[in-house]
Amino acid sequence: MNNKIVSRQNARVLHACQLKKENERVLHGEFLLEGKFALEMGLKNNLVKEIFTTKNLNISSSTITINYVDQKVMDKLSEEKTPEGLVFIAKIPQFEDKKYQKIIYLDHLNDPGNLGTIIRTALGLGVDAVYLSKDSVSPFNHKALAASKGAIFEMPIFIKEINEIKKLKKDGYQIIATSLRENAIYLGDFQSEKPFICIFGNESQGVSEELLNLADVEIKIPIQNIDSFNVAVSVGIVVYNLK
């Protein structure tokens, strides 16, 4: 179904804007995101419900509503400084919480841009699932979604607390923590075992002491001339090297 919308107070527009809030996303099981790449991923996974666009679209679907809007309406919907002209509502992906082999755990991650980049990087490098501590930033935050470029549709993401990580360790998972401590093994000297959970810490404080104490092994990246890497960069380097 196609509609033309010119009012910023249109009910469809107001509902879409409400999805910028976490509690509304949870309530409706939907989220709002932007851009061509994300839309392609959403369509591929049959999770797109409604599209708002200033452009002509060649999409044939009996289940997707396409709303053609003017720039004033798009400016209300978009959170980008220079809107691409394509915003859409998608259903929140649902994944089975099963025994994945390659998992990364993000401990107290605060920066949404880093989280989105990590989700996209993890998908590209064959990670099976991403675990987040309860106090990490939401993966459905606008900046996280923008950085993930649609990877949110295909990467299983779960909220996990430390007691659940302890249980997985008892179930045979190797727990790997990234660390700068002296006892940490250099990445090139380490061979992982599957299944494993590799833990990455907060941007400023690193992995918590409790999780470090839980780890079977601590690993670190050889670094020259600087004191540390951005957490998203660290994830890419470490995961690429964990066979």
Revision key, fill the gap. Mean-square fluctuation maximum in Gaussian network of the chain, Cα pairs under 10 Å, restricted to Phe37, Phe153, Phe88, hits Phe37
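Can you tell me the dipole magnitude for the range 58-98 around its Cα centre, using point charges on the Cβ only (Lys, Arg +1; Asp, Glu -1), in Debye to the nearest 20? It would help to have the intermediate numbers written out before the result.
Values: 5 positive and 7 negative charges, 20 e Å.
Dipole of the range 58-98, to the nearest 20 debye: 100 debye.
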Point to revise | Cβ-derived FRET efficiency at R0 30 Å, Lys167 paired with Lys91, nearest 0.05 | key: 0.50
Point to revise | Computed label-point distance, nm, for sites Lys81 and Lys194 using a 7 Å Cα→Cβ extension | key: 4.3
Exercise for review: Once you've got the Cα coordinates, tell me which of Lys4/Lys81; Lys98/Lys160; Lys81/Lys143; Lys170/Lys220; Lys99/Lys169 are over 22 Å apart.
Suggested key: Lys4/Lys81; Lys170/Lys220
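Taking 0.36 nm per intervening residue step and subtracting the Cα-Cα distance, what contour gain separates Asn183 from Lys98 on full extension? Before the final figure, lay out each step's value.
Details: separation 85, 0.36 × 85 = 30.60 nm, distance 3.25 nm.
27.4 nm is the gain from fully extending Asn183 to Lys98.
Would you compute, from DSSP H runs of 4+ residues alone, the mean residue ellipticity of the chain at 222 nm, taking -39500 (n - 2.57) per run and dividing by the full residue count, rounded to the nearest 500? Spell out each step's value before the answer.
Numbers: 9 runs with 77 residues, N = 243.
Mean residue ellipticity, 222 nm, calculated: -9000 deg cm²/dmol.
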**Study point:** Net length gained if the chain between Asp70 and Leu27 were fully extended (0.36 nm per residue, minus Cα distance)
**Key:** 12.6 nm
Study note, to complete from the structure: When the chain is treated as a Gaussian network with springs between alpha carbons less than 10 Å apart, the largest mean-square fluctuation among Ile152, Ile92, Ile223 is found at Ile223
Point to revise | Largest-first principal axis extents, alpha carbons of the range 1-52, Å | key: 30, 28, 18
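Please report, in debye to the nearest 20, how large the charge dipole of the chain is about its Cα centre when each Lys and Arg carries +1 at its beta carbon and each Asp and Glu carries -1 there. If you can, show how the numbers build up before the last one.
Numbers: 30 positive and 30 negative charges, 182 e Å.
Magnitude of the dipole: close to 880 debye.
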Review point. Across the range 139-147, in residue order, what do the Karplus-derived ³J(HN,Hα) couplings come to in whole Hz, using 6.51 cos²θ - 1.76 cosθ + 1.60 with θ = phi - 60° and x for Gly and Pro?
Key: x, 9, 4, 3, 5, 5, 5, 4, 6
Review point. If you find the alpha carbon centre of the range 76-128 and of the range 1-45, how far apart are they in angstrom?
Key: 16
Point to revise | Only Lys, Arg (+1) and Asp, Glu (-1) charged, at Cβ; the range 96-224 dipole about Cα centre in debye | key: 300
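Read-outs: derived from the displayed coordinates by stated rules, not from any lab. The shown structure was predicted, so the numbers you read here are calculated from the model rather than taken from an experiment. Using ideal geometry, Cβ is built from the backbone for each residue, glycine included, and neighbour counts are taken over all protein chains shown.
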